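The values are calculated or read from the model by the stated rules, or taken from the named source; none is laboratory data. What you are looking at is a predicted structure, and each value in this text was computed from that prediction instead of being measured. Here the Cβ positions follow ideal geometry from the backbone for every residue, glycine too, while neighbour counts run over all protein chains shown.
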């Protein structure tokens, strides 16, 4: 594994990404959290319940900015870094919502490349909505399709993480890191 490897953990909403990343962090790996919750919570403090639903382009611009910042942060860490969602997730979600976005979003997908991508598939039995996750299960499945298409169109070889316990999923990811 290269010194500054950037490993993106992706998947539809409610697939256990944060739980797996927390497990990896407990094991001493560098992990960067999902930035969208921070943006959503800030908007909620300002009285906007769901910024993505009311102003999808503004939300996505803030999200893209945060994910690019994380990408640069990962480059400064001299060890592999696991990142909760990546830059291409922004355009995948915009495509899901059938929203237009500037070419700069597509350029960001091309200019900032992750070294490896793991996808956690939708798992009906563990799916839950919460105050930041508004999607129902069918919408989550649709988002997953958009994510897979976006990453595959960019040339990523997605590695599907099996539906196992959190610890076993973390083990799978560690065991399947590029050497």
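Contact annotation: residue pairs with Cβ atoms under 8 Å, 6 or more positions apart or on different chains, pairing a residue in the stretch 28-42 that is under 16 Å from residue 87 (Cα atoms) with a partner that is modelled with pLDDT under 80 and in a loop (DSSP other than H, G, I, E, B), are 36/132; 37/132. Candidates in the stretch 2-25 are the residues that are closer than 18 Å to residue 178 by Cβ and surrounded by fewer than 20 Cβ atoms within 10 Å (Cβ to Cβ); of these, the one that is modelled with the highest pLDDT is 5. Scanning the stretch 99-109 for residues that are more than 15 Å from residue 54 (Cα to Cα) and surrounded by fewer than 16 Cβ atoms within 10 Å (Cβ to Cβ) returns 102, 103, 104, 106, 107. For residue 47, indicate whether it is touching a strand residue (DSSP E or B) at 6+ places or on another chain (Cβ under 6 Å), assigned to a loop (DSSP other than H, G, I, E, B) and either within 27 Å of residue 161 (Cβ to Cβ) or modelled with pLDDT under 95 (or both). It is false that residue 47 is touching a strand residue (DSSP E or B) at 6+ places or on another chain (Cβ under 6 Å), assigned to a loop (DSSP other than H, G, I, E, B) and either within 27 Å of residue 161 (Cβ to Cβ) or modelled with pLDDT under 95 (or both). Scanning the stretch 71-98 for residues that are surrounded by fewer than 23 Cβ atoms within 10 Å (Cβ to Cβ) and closer than 13 Å to residue 146 by Cα gives 91, 94, 95, 96, 97, 98. Residue pairs whose Cβ atoms lie under 6 Å apart, sitting 6 or more positions apart in sequence or on different chains, and linking a residue in the stretch 151-168 that is within 21 Å of residue 111 (Cα to Cα) to a partner that is part of a strand (DSSP E or B), are 151/117; 151/158; 156/117; 158/117; 158/119. For the stretch 44-52, the count of residues that are buried (at least 19 other Cβ atoms within 10 Å of the Cβ), in contact (Cβ under 8 Å) with a residue 12 or more places away in the chain, within 24 Å of residue 108 (Cα to Cα) and in contact with a helix residue (DSSP H, G or I) (Cβ under 6 Å, 6 or more places away or on another chain) is nonzero.
Just a yes or no: is a residue in the stretch 62-69 closer than 19 Å to residue 114 by Cβ, surrounded by fewer than 21 Cβ atoms within 10 Å (Cβ to Cβ) and out of contact with any helix residue (DSSP H, G or I) (no Cβ under 8 Å at 6 or more places or on another chain)?
The answer is yes, given that some residue of the stretch 62-69 is closer than 19 Å to residue 114 by Cβ, surrounded by fewer than 21 Cβ atoms within 10 Å (Cβ to Cβ) and out of contact with any helix residue (DSSP H, G or I) (no Cβ under 8 Å at 6 or more places or on another chain).
The residues in the stretch 101-130 that are farther than 15 Å from residue 148 by Cα and at pLDDT below 95 can be counted, and the count is 8.
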